[in-house]
1. Taking the Cα atoms of the chain, report the difference between the largest and smallest coordinate on each principal axis, in whole Å and largest first.
2. In terms of Cα to Cα distance under 17 Å, which aspartates and glutamates are near enough to LYS141, apart from those fewer than 8 places away along the same chain?
3. Can you work out D for segment 36-169 in µm² s⁻¹ from Stokes-Einstein, where Rh is the Kirkwood radius over C-alpha pairs, the temperature is 37 °C and the viscosity is 0.692 mPa s?
4. For segment 1-84, with only Lys/Arg (+1) and Asp/Glu (-1) charged at the beta-carbon, what is the dipole magnitude about the Cα centre, in debye rounded to 20?
5. Return the Cα extents of segment 198-250 along principal axes one, two and three, sorted largest first, each rounded to a whole Å.
6. Using 0.36 nm times the number of residues separating GLN254 and GLU162, minus their current alpha carbon distance, what extension gain do you get?
7. Calculate the FRET efficiency for ASN243 and ASP130 from the Cβ-Cβ distance with a Förster distance of 51 Å, rounded to the nearest 0.05.
8. Taking 19 Å as the cut-off for C-alpha to C-alpha distance, list the pairs among LYS16/LYS200; LYS16/LYS43; LYS43/LYS81; LYS16/LYS246 that go past it.
Amino acid sequence: MTETVTQRLQACLREKENILSIYFTAGYPALEDTRPILRHLQKAGADMVELGMPYSDPLADGPTIQECGSQAIANGMGIAKLFTQLEGFRSEIDLPVILMGYFNPIVQYGLEAFCAACQRVGIDGLIIPDLPLDYYQSHVKAVMEAAGLSMIFLISPSTSEERIAEIDAESSSFIYAVSSNSTTGHQSKHSASDYLKRLKAMNLKHPHLVGFNIRNKASFDAACAHAQGGIIGSAFLKALEPNNLKESIHTFIQNIRS
């Protein structure tokens, strides 16, 4: 591994504009598709990957990601299996890779063991939607920092400026700006532009990427007009063709980039 975890993620954020981050669920469509999808995403031109750890009670996920998670669990995916799949993946994948999931399975696995495994295989950061900021500060921060992991916090249109400033102070890479007060994949009837303009005007120390409801070139470009990039999950999962992963992934990325 030629770069440390922090260097790899920071280099992406420092050097790239209009960052395209793709979320997909580990172990979906088939259990052993995790590594092939990572390879195809890198070759197709994605800038960053959020790798979802499926969970039986995904509060922030919409129907598509819930269904994919249920299928991945039925396929046999779990945290231990995921780390087995990721052993040695840094020999072929240079993209920043962030694990996204819920706190309960991490606690069951063991927080210290989980963070140590992330460091060993080369994970760059974590997104844990149900982890309260104060609990992170008191119980999780030291463990994550010791493992060289960046914690990515979520904010939404209802997050106060005071809270956003506190999150900015705790961040070490970027902030995940949820585009609306909804679950993933839900198409909001309301424009997020005012919210994103407000964020941009705050001149935060850390960049933000926009997620939720980013599904095509138009919505990706709109997100990039106010942020450093966009995150696409549900639309990507819908586009995956189990028997034609390479072509479906390349076509999807090209349609966003064109």
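The values are calculated or read from the model by the stated rules, or taken from the named source; none is laboratory data. Bear in mind that the values here come from a model prediction, so they are computed numbers and not experimental data. Cβ: placed from backbone, ideal geometry, glycine included. Neighbour counts: every protein chain shown. Areas reflect the complete protein model, heavy atoms only, side chains present, ligands, DNA and RNA absent. Shrake-Rupley method; radii C 1.70, N 1.55, O 1.52, S 1.80 Å.
1. 43, 42, 37
2. GLU112, ASP124, ASP130, GLU166, ASP168, GLU170
3. Values: Rh = 15.9 Å.
Diffusion coefficient, whole number: 206 µm²/s.
4. On the way: 7 positive and 10 negative charges, 62 e Å.
I would put it at about 300 debye.
5. Cα extents, longest axis first: 45, 19, 15 Å.
6. 29.3 nm
7. Working: r = 35 Å, r/R0 = 0.68.
E(calc), rounded to 0.05, equals 0.90.
8. Values: LYS16/LYS200 17 Å; LYS16/LYS43 17 Å; LYS43/LYS81 24 Å; LYS16/LYS246 24 Å.
Pairs exceeding the cut-off: LYS43/LYS81; LYS16/LYS246.
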